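Notes for the one structure printed next.
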Amino acid sequence: MINKLVALSRKKYGFFGWVQRISQYGIKHLINIPILIVLQARRRYRWDSATDIRLIWERPHASRDNGYHMFVYLRTHHPEIPAYYVIQPDSPDLHKIKHLWNIIAYGSIEHKKKFLEARVILSTHFGFVEPLHYPLYNKIFASSWWKKHYVFLQHGVIYNDLSELLHRDVCGFDLVLTSAQAEYDDIRLRYGYDESQIALTGLARYDALHPHRVISQTQEPQSQQAQQAQHPRQIVWWPTWRSYLSGVADISHSEYIQGIQWVLDSEQIQRLLEEHDYTLIYYPHYELTRHLHQISSDHPRIIIADPHTLDIQQALTSCSICITDYSSILFDIGYMYTPCIYYQYDAHRFFDQHYQAWYFDIGRDGFGPVASTLDELAHHLQHSLRHDALLDQTYRTRVDEFFAFFDDRNCERIVAEIRLML
């Protein structure tokens, strides 16, 4: 191993150039290198060729997204596959998976050991839980020993331009999962992956959404009493983060925070909630956690949810109407035929400084109306409430044309694609 490191440094960078190259990946990766070298050397002599470990994670504290659903599926339907889940021991989500066993503490020696032993690693995000930067791992280890297969489960459907963040040269994914033909085509053309490295499967969490779609698909205009029996009378508001605010200590005067507070303080919105007997639940983005003290509401029909304990699936399936902006959660909501309003009060700045729109234009292709002002938001919300929170046929047609699959076999397809890759 030492010989390989020295050879690599001499061949490409020189010694100090190699150290500088490694340093760019961050101090935590530098600290992990000697630990991984020792574990990898031990693994070389003790590795069992029958090992077929799948290592799964989301963010270090979470088990509520595609990783959670993939892990539950494997432990339930394929117990013969040694699947492990990485999570912080103090995570509020731990109780959801603890009974399935094979839980590994994030940051532990066992985490690093299983990372090396795993034949397949599956993640909803890049760079959160790897004990070593994955492309760097491939440079140091994989060419000498058994190559790992990195599956990108995704956090949501990719529709904005993320080609610089998720390019093959940056992330080194061996398999990227997609949910729509348009998404598949865009990633194949611009993200550096060939057809063998992309699969059209649907997201793992869509298996749990499908029963709710079936109900909505057969739904006819109904009385308020019947609708209330099916869903709690909830409107969820789910705005995404703004990357240009990352690292900013005080964002209380930002357009982002002001726009959120405008909705929470809006007398128009509050009046609609009272007239139609609804509750508005605001779900802050995880990145907003440390700024939550800057947002408040004392109205009895408005709730600010705790992002640490948020159950995404429950929130999605229990709402009657969704308000979002640019979040990819719009696809989950659309999949279930749930009415959605896109409140985009800062569209120009978002697409200029956060992400650029690409193949999917929300105004042209979205599954609901776009509102750029608070008055427009109130107007569209009133329309939906007056029509028993049912999705207009125009938007139903768009949903039907976008997704590749409408069933509960997404995890099954993912497992099949991984087997083809091995």
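Quick notes on this one:
- When Tyr206, Tyr106 are sorted by how many other C-beta atoms sit within 10 angstrom of their C-beta, beginning with the fewest, the order is Tyr106, Tyr206.
- Take the Cα of Thr373, go 7 Å toward its beta carbon, and the backbone nitrogen atoms of the range 340-361 under 17 Å from that spot belong to 342-348.
- Residue separation of Glu401 and Arg364 scaled by 0.36 nm, minus their Cα-Cα distance, works out to 12.0 nm of gained length.
- Neighbour-count ranking [beta-carbon atoms within 10 angstrom, fewest first] of Met421, Met70: Met421, Met70
- Segment Leu420-Leu189, extension gain: residue separation times 0.36 nm, minus the distance between their alpha carbons: 81.0 nm
- A simple charge model with +1 on the Cβ of Lys and Arg, -1 on the Cβ of Asp and Glu and nothing else charged puts the dipole of the range 208-402 at about 280 debye relative to its Cα centre.
- With Cα atoms defining each centre, the range 334-355 and the range 58-125 are spaced 31 Å apart in the structure.
- Sorting Leu203, Leu377 from the fewest to the most surrounding beta carbons within 10 angstrom yields Leu377, Leu203.
- Extended-chain gain in nm, criterion 0.36 nm per residue less alpha-carbon gap, Glu287 and Asp265: 5.7 nm
A short reminder: the numbers here are calculations on the coordinates, not readings from a lab. Just so it is clear, the structure is predicted and the values come from calculations on it, not from any experiment. Don't worry about glycine lacking a Cβ; one is built from the backbone with ideal geometry, like all the others, and counts go over all protein chains shown.
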